[in-house]
Each structure stands twice: as C-alpha cells, then as structure tokens.
Amino acid sequence: MQITHIPTPSHEEVLRVTDTATGLVGFIAIHSTALGPAAGGLRMKPYASEEAALTDALRLSHGMTFKNAAAGLPLGGGKAVILGDPACDKTETMLAAFAGAIAALKGRYWTAEDMGMSPEDMAVIARGTEFVAGLADGPFASGDPSPITARGIFNAIRCTARHRFGSASLSGRKVAVQGLGHVGWDLAAQLHAAGAALIVADIDPARCDAAASRFGAAIAPVDRILGVEADILAPCAIGGILNAETIPALKVAAVAGGANNQLATPADGDALHRRGILYAPDYVANAGGIVNVATEILRIRDRAGFVKEKLAEAEASLDAILTRAALRGVSPHKLADEIVLTRMQRRPAA
Ligand code: NAD
C-alpha cells in the first residue's frame, strides 16, 4: 500500500492511497482537526476519474467539519473515498489495505459507513485499525444512524413550522418528501403520525406505493416533486437539488430535510431567502446521524442519554439560527456558517 501526500491549501491533510495488489485507489481528506479528530464516512463509488473522487472527498470533508461543529461535537471534518463499483470491485484485501492508511493517521481521522459501504465492510476495516465507527457489534457499536437522523429532521421540521407558520403543529400541514429510503421512510412515518398530509416521490415506485398504503400519501412523479404545492419540502434523497433551476419553481413556504448538501451553491440559500422560503440548514437538521456515530468514537456509555441531549441541542440551535436570521434579514444558511466559524475560532488550544 502506498500513501502520497497531496498538498491542498484548503485542507489540513490529503492522502492518495493506492495498492497495486488489490487495485485500490482512494483518497482520505482531512479538512480540519481544530475541534477534534476528523470524522466522516468512507464512500465507494464508480467515480468518472480520480479528480472527481478527490473533489468529492474535499467537498464532503469540508461539509463534515461544519456538521460536527454545528452539532457541538468535539470532532473535526474528514472523509474518505475509494474509486470503484462497490457491487463488483470491493474486496476484503482492498479494504484491509485502506485500513492500513487509516491506521497510519494514528487517530487523526475516524472512518464510518457511507454510500457503498456496509457494517460488514466496517468490521473488515476494524481488523486493521481501531479508528472506525459504524460497527454492528462491540461495546460501543452505534448501529444504523438513520432513525436518529429522521428523529432530528422531524424536530427540525416542527421548529421550522413554528417559525414559518407560528405553530409547530404539523396536523393538517402538507409535507412533500423527496426520497423514501432509510431516512425518508422513517421521517414519513413520524410526519404521518403527527397528522401531516404527505406527498412523496422516489425513483423506486414500490416505496411510493408502500407510503401510499401505509400513510395515505399522495404520489408525485420524481421530476415533479420539487414543484408540488405544499407547506414544507423535506429533501431526503440527493444533494444539489436546491439550485437556479428548481428554486424558482418551488411552491412551498419552507424547506427542511435530511439530504446532505441540498444547496447547489451558497448563493442558492440567498435565492431561497429572496423568495421568502424558510430554509433549515441541512447540516443542522440532519446532525442526528453523526451524533449517533459520535457515541461510538467518543466511547459514550449512556448512548440514549447523549443522543437525546444532542438532539435537543440541535433543535435549540436551529431555533436560534432561524430567530437570528429573521432579525438580521439574512438567510439561515449564512447564520449557521457564521456560528460554525466562530466555534472553530474559539477552539481550545491543542
Ligand atoms: P437511502 O439510500 O437509504 O435513501 C435514498 C432514497 O432516495 C432511496 O429510496 C432512493 O431510491 C431515493 N432517491 C434517489 N434519487 C432520487 C430522486 N432523484 N428522487 C427521488 N428519490 C430518489 O439514503 P438515506 O440513508 O435515507 O439518506 C438520504 C439522504 O440523507 C442522503 O442525502 C444522505 O446523505 C442524507 N443523510 C443520511 C443520514 C443517515 O443517517 N442515513 C444522515 C445524514 C444525512
């Protein structure tokens, strides 16, 4: 296994990791360890090029810094990517080689499950390094973070509704949910239980049909969900969906959901604000997942207590962001970024 350091001004440390014997080509990007060891998942994808994989690692690790700081966790931001199709290129020897690179960082980077990875893969990596979370077994194993993520998003939607409509009650509110996967399905169940009327879309028609029969949800075509009339849009599928093309077509009063990197660019946050659409910053709303993973990294004994406390903190933090953004007349995403940057400047001395 070979490690090459790639000087990157925006990041603390970026490694290119290769292993000829196993066909491994990947990157580990450490954006910041200002608040603690960098934490963020390992993604495997058939990237079009090494450049595309590196760009993804740089972007995602930057996002993790913000997410971890916003959640008040003593963790920095990092992310790892491996090039290849997880269905046919992934092997145990390849993951073992990658574990060697994580081990060489001696705890500056903690990995976890992300797209293309499973708890079984994390167990393979754990044979080569202790700096891995998302394990299915073990004294601090945190399991599937999705239900906690969905709980946090539900809280964020209630909080956003209170700011936008004057009441946190979701009874009778129309909520459009894009994506009914691990997070979106759980969220839809909670919204339904709270009396919301759902409009859903997923590229998998079976999930839509299931939501229609379980929650009485109306189904929108995948290419129409961002234009449906509703009170709140909850993006729970892919990133970049709030952009110059979609924002003018939105017919909602607020956006609060779980997908990472919902804004295609920061300017899109301003565009939402100009349209009077209240936006709950994604990394504040969806912090439940990393909070759950953090219990494993930080070796928290009272996991349930920690998660409960952190979810309450996240909701209070969103409440403060929305209040201050309204007072200043700026977009909430700007306020959230400012708070994170201030936290990082106030970091304890190393
Ligand atoms: P998932 O893969 O389980 O579900 C995604 C769902 O979206 C799938 O059902 C898929 O069919 C659907 N989908 C994909 N493209 C779509 C499209 N264009 N239109 C409609 N539906 C589409 O993923 P997940 O774990 O539920 O995560 C959803 C989002 O939340 C992702 O952006 C993820 O990064 C983010 N997130 C997840 C967690 C977590 O704990 N799982 C934590 C934080 C953030």
Among the residues of segment 295-317, are any open to solvent by 30 Å² or more (accessible area, probe 1.4 Å), modelled with pLDDT of 95 or more, in a helix (DSSP H, G or I) and farther than 21 Å from Ala150 by Cα? no
Pairing a residue in segment 116-127 that is among the β-branched types (Val, Ile, Thr) with any residue that is open to solvent by less than 30 Å² (accessible area, probe 1.4 Å) and assigned to a helix (DSSP H, G or I), where Cβ atoms lie under 8 Å and the two sit 6 or more apart in sequence or on different chains, gives Val124/Leu95; Val124/Ala99; Ile125/Leu95; Ile125/Phe98; Ile125/Ala99; Ile125/Ile102
Filter segment 122-142 down to residues that are crowded, with 17+ Cβ neighbours inside 10 Å and more than 19 Å from Leu24 (Cα to Cα) and give me whichever is farthest from the ligand (Cβ to nearest atom). Phe131
Output the qualifying pairs, or none if there are none: Cβ atoms under 6 angstrom, residues six or more apart or on different chains, first residue in segment 327-345 and in contact (Cβ under 8 Å) with a residue 60 or more places away in the chain, second residue among the hydroxyl-bearing types (Ser, Thr, Tyr). Pro332/Tyr279
Search segment 69-91 for residues being in contact with a Ser or Thr (Cβ under 9 Å, 6 or more places away or on another chain) and not in a loop (DSSP other than H, G, I, E, B), and hand back the single one that is nearest to Glu120 (Cα to Cα). Ala80
So, first residue touching a residue at least 24 places away in the same chain (Cβ under 8 Å) and part of a strand (DSSP E or B) in segment 232-256, second residue hydroxyl-bearing (Ser, Thr, Tyr) and surrounded by 24 or more Cβ atoms within 10 Å (Cβ to Cβ), Cβ within less than 6 Å, six or more apart or across chains; the pairs are Ala254/Thr160; Val255/Tyr279
Count of residues meeting criterion [farther than 17 Å from Ala96 by Cβ and part of a strand (DSSP E or B)] in segment 1-32: 10
Among the candidates Leu187, Leu242, Leu191, Leu198, single out the residue that is in contact with an Asp or Glu (Cβ under 9 Å, 6 or more places away or on another chain) and either among the polar types (S, T, N, Q) or within 24 Å of Glu315 (Cβ to Cβ) (or both). Leu242
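Residue-wise test of (1) buried (at least 23 other Cβ atoms within 10 Å of the Cβ); (2) within 10 Å of the ligand (Cβ to nearest atom).
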site: Gly184; (1), (2): yes, yes
site: Gly239; (1), (2): no, yes
site: Asn243; (1), (2): no, no
site: Ala253; (1), (2): no, no
site: Ala280; (1), (2): yes, no
site: Ala287; (1), (2): yes, yes
From Ala141, Ala97, residue being in contact with a Leu (Cβ under 7 Å, 6 or more places away or on another chain), part of a loop (DSSP other than H, G, I, E, B), among the small types (Gly, Ala, Ser) and in contact (Cβ under 8 Å) with a residue 24 or more places away in the chain: Ala141
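Return yes when Asp186 is part of a helix (DSSP H, G or I), closer than 21 Å to Gly288 by Cβ, without any contact (Cβ under 8 Å) to a residue 60 or more places away in the chain and not aromatic (Phe, Trp, Tyr) and no when it is not. Let's see the steps before the verdict.
Details: part of a helix (DSSP H, G or I): yes; closer than 21 Å to Gly288 by Cβ: yes; without any contact (Cβ under 8 Å) to a residue 60 or more places away in the chain: yes; not aromatic (Phe, Trp, Tyr): yes.
Criteria met by Asp186.
The values are calculated or read from the model by the stated rules, or taken from the named source; none is laboratory data. Since the structure is predicted, the reported quantities are computational estimates derived from the model, not experimental observations. Glycine also receives a Cβ, built like all others from the backbone with ideal geometry; neighbour counts cover every protein chain displayed. Heavy atoms of the whole protein, side chains included, go into the accessibility calculation; ligands, DNA and RNA do not. Shrake-Rupley method; radii C 1.70, N 1.55, O 1.52, S 1.80 Å.
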